[in-house]
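Shown next, in structure tokens, is the structure this report addresses.
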Amino acid sequence: MKVSGFTIVRNAIKYDYPILEAITSILPVCDEFVVAVGKSEDDTLNLIKSIDSHKIKIIETVWD
């Protein structure tokens, strides 16, 4: 059995959302973690990319 985690995020830095803490807290119990990163007005995408884990799968999205 595999356990997958998922979240969506956009403008995490701009709105001071603790996305790094949220993702890294759940990684130990997941086999993979998918993050849908919306086109942001800040550096959220690079923040997610900075997480050093092979479990992270990033999907870049545009929100309407």
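Sparse packing (at most 13 other Cβ atoms within 10 Å of the Cβ) combined with a DSSP loop state is found for the following chymotrypsin sites (Phe, Trp or Tyr not before Pro) in the stretch 1-61: Tyr15.
Kirkwood hydrodynamic radius computed over the chain comes to 11.9 Å, based on all pairs of distinct alpha carbons.
Taking Lys and Arg as +1 and Asp and Glu as -1, the other residues whose beta-carbon sits under 10 Å from that of Lys14 total -3. Extension gain for Glu32-Lys2 works out to 10.0 nm (0.36 nm per residue, less the C-alpha to C-alpha distance).
Relative to the current alpha-carbon distance between Asn46 and Tyr17, full extension at 0.36 nm per residue lengthens the span by 9.0 nm. The helix-only estimate of mean residue ellipticity at 222 nm for the chain, built from DSSP H runs of length n ≥ 4 each weighted as -39500 (n - 2.57), is -5500 deg cm²/dmol after division by the residue total.
Coordinate-derived values only; no laboratory data. For clarity, every value in this text was computed on a predicted model and none was experimentally measured. Every residue, glycine as well, gets a Cβ built from its backbone with ideal geometry; the counts of neighbours run over all protein chains shown.
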